[in-house]
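J.: Can you keep this structure in mind? I'll have questions shortly.
The values are calculated or read from the model by the stated rules, or taken from the named source; none is laboratory data. Since this is a predicted model, take the numbers as computed values, not measurements. Because the Cβ atoms are built from the backbone with ideal geometry, glycine has one as well, and the counts that use them run over all protein chains shown. Just the protein is used for accessible areas: all its heavy atoms, side chains included, with ligands, DNA and RNA removed. Shrake-Rupley method; radii C 1.70, N 1.55, O 1.52, S 1.80 Å.
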Amino acid sequence: MTQADTMARAVADLAAGTAAGIAARASTRIAADVLVVGGGIVGSATAWALRRRGLSVVLVERGKAGMQASSVNFGGVRQQGRKLPELPVSRRARRIWSDLARVLGSDCEFAAIGHVRLARSEADLQALQAYRDQAAPYGLELDILDGPALRRRYPWLGRDLAGGSLCAEDGHANPRLVSPRFARAAAEAGARVIEGTAVERVERAGDGFLAHAGGAAIASRWLVNCAGAWSMAIARQFGETFPLGAIYPNMIVTEPLPAFMTCCLGLYGTGFYARQVGRGSVVIGGVRASGNDSLDSCRPNTAATLKEMSDALHFIPALAGANVIRSWTGIEGAFPDGMPVVGPSTRVPGLFHAFGFGGHGFQLGPGVGEAMAELIDRGETDTDISGLLPARFDAP
Amino acid sequence: MNPQAKETRVVIVGAGPAGVRAAQALVQAGLRPVVIDEGNAAGGQIYRQPPEARRRPARALYGFEWKKAQAVHQAWQALQGSVQAHTRTLAWNCYRGVLDLHHPEQGYGRQPYDRLILATGAMDRVIPLPGWDQAGVYTLGAAQISLKAQACLLGTRPVFLGTGPLLYLVAYQYAKAGARVAAVLDAAPRQAKLAALPDMAARPAMAAKGAYYLAWLAAHRVPVIHGARPLAIEDDGASKVVHWRDGGGARRATGGDVACLGYGLRAETQLADLAGCEFDYSPRERQWLVRRDAAGRTSRPEVYVAGDGAEPLGADAAELAGEAAARAVLQDIGVGGQQPRLDAIEAATARMRRFRRGLETAFAWPAELAAQCADDTLVCRCERVTAGEIRQAVREFGLRDVNQVKSWTRCGMGRCQSRVCGLAAAEVVAAAAGEPSTEGVGRLRAQPPVKPVPFDAEAWSRMAASNGEGAARQAGGTAGGEGR
């Protein structure tokens, strides 16, 4: 059976409704080097990178791969503004992004059109300058533009800005295409991708793990927990706790407009970001929507939508007269310190965590995948993830 | 009446036949409902009232139905002072007991409710064909609204295509108003209409009207073709040429100055969806309808549906359904409602449903036209997605849920939010995925706003000011980062 046949079969299984994916056959026993839980961009990228290193991989996704936060996010491919501990993996991810069209078989609308962080005041601009200096050792090149330079370069911006910081190699992509395609790339590289199947239980078995998912038993040497906002369900089975919360970014999008935004935007500090997609629609975010504690529903929030409209008009006056045609949100795992956990569990040998990206996972995902694959394959990674390790949440 | 019940905030969305009768029944029971409607005046689409300057006698505007139209308008007039009416107001979202509103001059607003009656009506079902997205191609509903509201013919030599009772009614109305109708191209074959006769006998007067339109068109030498399979609409510079295949399989072409198409009705259900109502698939309509009891109670205890937005049964049924929903509200808040009257409405509605079954037999939604449309046919006009792209998403990526297809292809993501293309797109997905009906490919979830709403610089600060800390806490206090 070729890989394509396997995929087609999996799809047919799903379609027939006879089983929730391949794993649902009670007789199925699967063994692999690594079990990846969660088919978002982080899990898919990890599975893909593991396969490139020759490890056998099963990826289990309870829904459809790449359909949660990985596909409903803003779609920014942004390095600048990342917290410094995130920058090494962000830089690594950016190198993969350049090559992603080849990996995914489509550019997925990735365009490095530049990203500008806007400063509302001189103090903001000074903070952007300080960040530029801090980020330089990581190889991130940022251009500080003062008010007049910003206006010359981006005449469509609002008038009262003190300046901005341009990262020319940042940009955006269509997350609804990138993330599902990553899962497909992992499958094509030989990972067994099982969709529509939840991991109900996972336990220690000898040196490795035994997971029960949709009636199947999956034995693995390593276990990677990248189940996004739902990752605690896996961590708790090993008695691990993390201060993981959830956020619900409120997104709005306009009808298609003539192309005019020549860069992606973010506001220094917080609260507003925007980009114009190739189709012409302007996507805007920056305020939080609503969700519930059981992580099974989320809704755009009217106050957030109106706030985003008001901010958008302020920073992008050309939106006056345009219409908002849709709003949405998604469920994102997030930590209080605004950074994910990436790395080995401090308690369970062979267990690795990569979750709680708080909205940064889309850009970071490909880099995290490679770093995780190195960690598992070699026990160490070339990428400095020391500031992201799960150990930072261990009780002192 | 207990004073608490009287304070119940009942909000009705839609002031067509269903909404007006719902308001009337509530006012009769001593309540003061809020009525929200997008139009300038009550009447809905079917009994739409022209602006003052375009007023014409009811008989000229509404034909056989003029007395019913007048009765609905008069009922509405009599309610003035007893209802809180917001016309020209779009209800664009509905969540946790609050409707979000927009008015072209007053801007954004919010309307809380204890009970909500959704009488949101229906719109044309569309099947895409090459050329349907060009200027000069309209829906049947649009053609009729232009005539009713503006006394304006979209064209003087229109070609009407599609199927359904509206096809004949609009052709008749256009011809009576002076248009030279080039042709009526009905996709449904003649036999289907004969097969429908037993059910249509449930409402002899309605069936007779249909027969009258047909006879009138024949007497006025308007070409009416049954079983015409539309192929494409082409603009040859001078006219719109509709290419079609006749029952014998021969290619034909009919030229006119505009083409108007429609294939029956689809219920406008987005607000019910946003309110959290459950849906059931209707195999007969091949669309998802809000789950409800005979009186219009939905799965949400505070939400009721009535009229064509619940189930497209036509204006007479809508009047009854509006009244029934209001009576259900009254029962549920403990102020009567009169069960015998509800039973009578249910019995009358059953007859109308049987007639409707006849219409669905006579003018069945030709699902295969959508399912088999050529790969280069534009299915989603707003985002310019072709049938071929949808099929590729199904084939290559194993997508078989319309929401996934939307996410992947952008089909239904644009201005119309799939209101126009959604049903046809579902047929394309179902056929490509080997599903016998569109039930198997799921239901497109609604996302606010249900229709486009404009940017407004002041709305947020106004809302924050009027809501005090609530709104500020809701939004301003939770700024959300700089984007991924």
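J.: Any residue in region B:286-298 that is out of contact with any His (no Cβ under 6 Å at 6 or more places or on another chain), open to solvent by less than 10 Å² (accessible area, probe 1.4 Å), more than 15 Å from residue B:442 (Cα to Cα) and hydroxyl-bearing (Ser, Thr, Tyr)?
T.: no
J.: Can you name every residue in region B:441-458 that is open to solvent by less than 40 Å² (accessible area, probe 1.4 Å) and either more than 7 Å from every other protein chain (Cβ to nearest Cβ) or touching a Gly at 6+ places or on another chain (Cβ under 6 Å) (or both)?
T.: Across region B:441-458, the qualifying residues are B:441, B:442, B:446, B:450, B:456.
J.: Could you list all residues from region A:230-259 that are away from every other protein chain (no Cβ under 14 Å), among the β-branched types (Val, Ile, Thr) and in contact with a strand residue (DSSP E or B) (Cβ under 7 Å, 6 or more places away or on another chain)?
T.: Residues of region A:230-259 away from every other protein chain (no Cβ under 14 Å): A:230-244, A:258-259.
Pick out the ones that are also among the β-branched types (Val, Ile, Thr) and you get A:234, A:241.
A:234, the sole residue that qualifies.
J.: Then there is this: Here is a list: B:95, B:108, B:62. Which entry is modelled with pLDDT under 95 and under 19 Å from residue B:452 (Cα atoms)?
T.: Details: B:108 fails: modelled with pLDDT under 95; B:62 fails: under 19 Å from residue B:452 (Cα atoms).
The match here is B:95.
J.: Quick one: residue A:233 ticks every box in (1) aliphatic (A, V, I, L, M); (2) modelled with pLDDT under 95; (3) not in a loop (DSSP other than H, G, I, E, B) except a single one, so which number is it?
T.: Against the list (1) aliphatic (A, V, I, L, M); (2) modelled with pLDDT under 95; (3) not in a loop (DSSP other than H, G, I, E, B), residue A:233 comes up short only on (2).
J.: Of everything in region B:66-105, what is away from chain A (no Cβ under 14 Å) and within 30 Å of residue B:457 (Cα to Cα)? Give them in sequence order.
T.: Once the filter is applied, which keeps residues that are away from chain A (no Cβ under 14 Å) and within 30 Å of residue B:457 (Cα to Cα), region B:66-105 yields B:84, B:85, B:86, B:87, B:88, B:89, B:103, B:105.
J.: Further question on the same structure: Any residue at all in region A:278-294 that is away from chain B (no Cβ under 11 Å), part of a loop (DSSP other than H, G, I, E, B), crowded, with 19+ Cβ neighbours inside 10 Å and in contact (Cβ under 8 Å) with a residue 40 or more places away in the chain?
T.: So far as region A:278-294 goes, no, none of its residues is away from chain B (no Cβ under 11 Å), part of a loop (DSSP other than H, G, I, E, B), crowded, with 19+ Cβ neighbours inside 10 Å and in contact (Cβ under 8 Å) with a residue 40 or more places away in the chain.
J.: In addition: Go through (1) free of Cβ contacts under 8 Å to residues at least 12 places away in the same chain; (2) not assigned by TED's automatic domain parsing to the domain that holds residue B:23 and name the single condition residue B:374 misses.
T.: Among (1) free of Cβ contacts under 8 Å to residues at least 12 places away in the same chain; (2) not assigned by TED's automatic domain parsing to the domain that holds residue B:23, residue B:374 violates only (1).
Here is a yes/no grid of residues against (1) closer than 30 Å to residue A:301 by Cβ; (2) without any contact (Cβ under 8 Å) to a residue 40 or more places away in the chain; (3) touching a His at 6+ places or on another chain (Cβ under 6 Å):
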residue: B:26; (1), (2), (3): no, no, no
residue: B:33; (1), (2), (3): yes, no, no
residue: B:45; (1), (2), (3): no, no, no
residue: B:56; (1), (2), (3): no, no, no
residue: B:90; (1), (2), (3): yes, no, yes
residue: B:100; (1), (2), (3): yes, no, no
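J.: Assess whether residue B:260 counts as being open to solvent by less than 20 Å² (accessible area, probe 1.4 Å) and either touching a Pro at 6+ places or on another chain (Cβ under 6 Å) or in the same structural domain as residue B:436 (by TED's automatic domain parsing) (or both). Before the answer, list the steps.
T.: Values: open to solvent by less than 20 Å² (accessible area, probe 1.4 Å): yes; either touching a Pro at 6+ places or on another chain (Cβ under 6 Å) or in the same structural domain as residue B:436 (by TED's automatic domain parsing) (or both): yes.
Yes, satisfied.
J.: Taking only region A:106-145 into account, find how many residues are open to solvent by 60 Å² or more (accessible area, probe 1.4 Å) and out of contact with any helix residue (DSSP H, G or I) (no Cβ under 7 Å at 6 or more places or on another chain). If you could, list the steps in order and put the result at the bottom.
T.: Here is the first cut: in region A:106-145, the ones open to solvent by 60 Å² or more (accessible area, probe 1.4 Å) are A:107, A:109, A:113, A:120, A:122-123, A:126, A:129, A:132-134, A:137-138, A:141, A:143.
Still in the list and also out of contact with any helix residue (DSSP H, G or I) (no Cβ under 7 Å at 6 or more places or on another chain): A:113, A:120, A:122-123, A:126, A:129, A:132-133, A:137, A:141, A:143.
The qualifying residues number 11.
J.: Another one. Taking the stated definitions as given, is residue A:309 modelled with pLDDT of 95 or more, within 30 Å of residue A:88 (Cβ to Cβ) and not acidic (Asp, Glu)? Explain how you work it out, then say what you get.
T.: Values: modelled with pLDDT of 95 or more: yes; within 30 Å of residue A:88 (Cβ to Cβ): no; not acidic (Asp, Glu): yes.
No, not satisfied.
J.: In region B:165-221, which residues are closer than 28 Å to residue B:152 by Cα, in a helix (DSSP H, G or I) and among the basic types (Lys, Arg)?
T.: B:176, B:209, listed by residue number.
J.: Tell me, please, whether a residue that is part of a strand (DSSP E or B) and in the same structural domain as residue B:94 (by TED's automatic domain parsing) can be found in region B:36-53. Break it down into steps so the answer makes sense when it comes.
T.: The initial filter retains those residues of region B:36-53 that are part of a strand (DSSP E or B), namely B:36.
Imposing the further condition that a residue be in the same structural domain as residue B:94 (by TED's automatic domain parsing) reduces the set to B:36.
Within region B:36-53 (the criterion being part of a strand (DSSP E or B) and in the same structural domain as residue B:94 (by TED's automatic domain parsing)), the answer is yes, since at least one residue qualifies.
J.: Could you give me the residue pairs with C-beta distances under 7 Å whose first residue belongs to region B:329-356 and is on the phi < 0 side of the Ramachandran plot and among the β-branched types (Val, Ile, Thr), whose second residue is at pLDDT below 95 and in a helix (DSSP H, G or I) wherever it lies, and which are 6+ apart or on separate chains?
T.: Close Cβ pairs satisfying both conditions: B:333/B:5; B:335/B:5.
J.: Looking only at region B:103-133, filter to residues that are more than 22 Å from the chain's Cα centre (by Cα) and not assigned by TED's automatic domain parsing to the domain that holds residue B:45; which one of those is most open to solvent (accessible area, probe 1.4 Å)?
T.: Top of the filtered list is B:130.
J.: If you don't mind, there's one more thing I want to ask. Test residue A:271 against the stated conditions and say whether it is free of Cβ contacts under 8 Å to residues at least 60 places away in the same chain and under 23 Å from the mean Cα position of the chain (by Cα). Lay out the reasoning, then the answer.
T.: Numbers: free of Cβ contacts under 8 Å to residues at least 60 places away in the same chain: yes; under 23 Å from the mean Cα position of the chain (by Cα): yes.
Answer is yes for this residue.
J.: The conditions are (1) closer than 29 Å to residue B:61 by Cβ; (2) at pLDDT 95 or above; (3) open to solvent by less than 40 Å² (accessible area, probe 1.4 Å), and residue B:232 fails exactly one of them. Which is it?
T.: (1)
J.: Taking residue A:240 as the residue in question, decide whether it is over 30 Å from residue B:383 (Cβ atoms), of a type in the set (Asp, Glu), modelled with pLDDT of 95 or more and open to solvent by less than 30 Å² (accessible area, probe 1.4 Å).
T.: Values: over 30 Å from residue B:383 (Cβ atoms): yes; of a type in the set (Asp, Glu): yes; modelled with pLDDT of 95 or more: yes; open to solvent by less than 30 Å² (accessible area, probe 1.4 Å): yes.
Answer is yes for this residue.
J.: Now for a separate question. For the subset of region A:295-304 comprising residues that are more than 8 Å from every other protein chain (Cβ to nearest Cβ) and not charged (D, E, K, R), which member is surrounded by the fewest Cβ atoms within 10 Å (Cβ to Cβ)?
T.: Restricting attention to region A:295-304, the residues satisfying the condition of being more than 8 Å from every other protein chain (Cβ to nearest Cβ) are A:295-298.
Filter once more, so that each one left must be not charged (D, E, K, R): A:295, A:297-298.
Details: A:295: 16, A:297: 11, A:298: 22.
For region A:295-304, the residue satisfying everything is A:297.
J.: How about region A:342-356: which of its residues are crowded, with 24+ Cβ neighbours inside 10 Å and out of contact with any Phe, Trp or Tyr (no Cβ under 9 Å at 6 or more places or on another chain)?
T.: A:354
J.: Moving on to the next point. Would you mention how many residues in region B:412-424 are closer than 19 Å to residue A:67 by Cβ and open to solvent by less than 10 Å² (accessible area, probe 1.4 Å)? Spell out the reasoning first.
T.: Within region B:412-424, the first condition is being closer than 19 Å to residue A:67 by Cβ, and the residues that meet it are B:412-413, B:418.
Then drop every residue that is not open to solvent by less than 10 Å² (accessible area, probe 1.4 Å), which leaves B:412.
Matching residues across region B:412-424 total 1.
J.: Check residue B:358 against each of (1) open to solvent by 20 Å² or more (accessible area, probe 1.4 Å); (2) over 29 Å from residue A:252 (Cβ atoms); (3) away from chain A (no Cβ under 11 Å) and name the one condition it does not meet.
T.: Failing condition for residue B:358: (1).
J.: Something else about it: Can you tell me which residue is most open to solvent (accessible area, probe 1.4 Å) among those in region A:305-341 that are facing another protein chain (nearest Cβ under 7 Å) and in contact with a Lys or Arg (Cβ under 8 Å, 6 or more places away or on another chain)?
T.: A:323
J.: Determine whether residue A:54 is assigned to a loop (DSSP other than H, G, I, E, B) and within 11 Å of chain B (Cβ to nearest Cβ). Before the answer, list the steps.
T.: Details: assigned to a loop (DSSP other than H, G, I, E, B): yes; within 11 Å of chain B (Cβ to nearest Cβ): no.
Against the criterion (assigned to a loop (DSSP other than H, G, I, E, B) and within 11 Å of chain B (Cβ to nearest Cβ)), residue A:54 does not qualify.
J.: Additional query: Go through region B:211-229 and give me each residue that's of a type outside the set (Ser, Thr, Tyr) and open to solvent by less than 30 Å² (accessible area, probe 1.4 Å).
T.: At the first step, the residues of region B:211-229 found to be of a type outside the set (Ser, Thr, Tyr) are B:211, B:214-229.
If the condition is that a residue be of a type outside the set (Ser, Thr, Tyr) and open to solvent by less than 30 Å² (accessible area, probe 1.4 Å), then B:217, B:222, B:227, B:228 are the ones that fit.
J.: Which one of B:77, B:4 is open to solvent by 80 Å² or more (accessible area, probe 1.4 Å), at pLDDT 90 or above and not in a loop (DSSP other than H, G, I, E, B)? Walk me through how you get there before you give the answer.
T.: Working: B:4 fails: at pLDDT 90 or above.
Result of the check over B:77, B:4: B:77.
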